[in-house]
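One structure below.
The values are calculated or read from the model by the stated rules, or taken from the named source; none is laboratory data. What you see is a predicted model, and the numbers here were worked out from it, not measured in a lab. All Cβ positions, glycine included, derive from the backbone under ideal geometry; neighbour counts span all protein chains shown.
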Amino acid sequence: MTVRIRSEGVDPVRLVRAAAAYRDRALAEYDEVWCVVDVDQFDMDNAVVEARRRDVRLAVSHPCFELWLLLHHADCRAFCRDCHEVKRLLRKHVPLYDKTKPVFADFEAGIGDAVKRARDLDPTGAEHRRNPSTNVWQLVERILEGT
């Protein structure tokens, strides 16, 4: 399994389009193409429609990706106002957390717990409107299956 990581801006619809275009012009074949996105202030309904249309999978975290990281250390079932609140909760477990420099060792031991907790929040992996929720567990399971 080959995993490639690219960053193409922040708008989820543009990201889905860029991922599909990259896949379509790449010489290699891809089993799946995923975009990892935060809900933030974006209209995720449009991104979900675009992803289905272009056969791109979405890993959506509501309200933000830091929820997925928090779930490596603790359960989180209460509504989260915004990403600042989630980061505050995360820093109780990873005091030096920096979004621009995440350290895998801070989260490695909790991957199994994070998958279980995230699946408990969103068993279908399709509830991008639910706060809190994240279906990053689906992507992680796909990666682990391929290793």
When Glu32 is run through (1) surrounded by fewer than 18 Cβ atoms within 10 Å (Cβ to Cβ); (2) under 26 Å from Asp120 (Cα atoms); (3) within 14 Å of the chain's Cα centre (by Cα); (4) of a type outside the set (Gly, Ala, Ser), the failure sits at (3)
Of those in the stretch 21-49 that are in contact with a Cys (Cβ under 9 Å, 6 or more places away or on another chain) and aliphatic (A, V, I, L, M), the residue modelled with the lowest pLDDT is Val39
Picked from the stretch 1-20 (must be among the β-branched types (Val, Ile, Thr) and more than 26 Å from Glu145 (Cβ to Cβ)), the residue modelled with the lowest pLDDT is Val10
Considering the stretch 87-137, residues that are more than 14 Å from the chain's Cα centre (by Cα) and of a type in the set (Ser, Thr, Tyr), and then whichever is modelled with the lowest pLDDT, we arrive at Thr100
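Yes/no per residue for (1) in contact (Cβ under 8 Å) with a residue 24 or more places away in the chain; (2) aliphatic (A, V, I, L, M); (3) in a loop (DSSP other than H, G, I, E, B); (4) surrounded by 16 or more Cβ atoms within 10 Å (Cβ to Cβ):
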| residue | (1), (2), (3), (4) |
| --- | --- |
| His84 | no, no, no, no |
| Val94 | yes, yes, yes, yes |
| Tyr97 | yes, no, yes, yes |
| Pro102 | yes, no, yes, no |
| Arg119 | no, no, no, yes |
Taking the stretch 37-53 and keeping residues surrounded by fewer than 16 Cβ atoms within 10 Å (Cβ to Cβ), among the charged types (D, E, K, R) and more than 27 Å from Glu85 (Cβ to Cβ) leaves Arg52, Arg53
Residue pairs qualifying under the 9 Å Cβ cut-off, at least six apart or on distinct chains, with the first in the stretch 50-76 being at positive phi and the second being in a helix (DSSP H, G or I) and among the small types (Gly, Ala, Ser), are Asp55/Ala20
Taking first residues from the stretch 17-31 that are within 20 Å of Asn46 (Cβ to Cβ) and second residues anywhere that are surrounded by 14 or more Cβ atoms within 10 Å (Cβ to Cβ) and charged (D, E, K, R), the pairs with Cβ under 6 Å that are 6 or more apart or on different chains are Ala18/Glu8; Ala20/Arg54
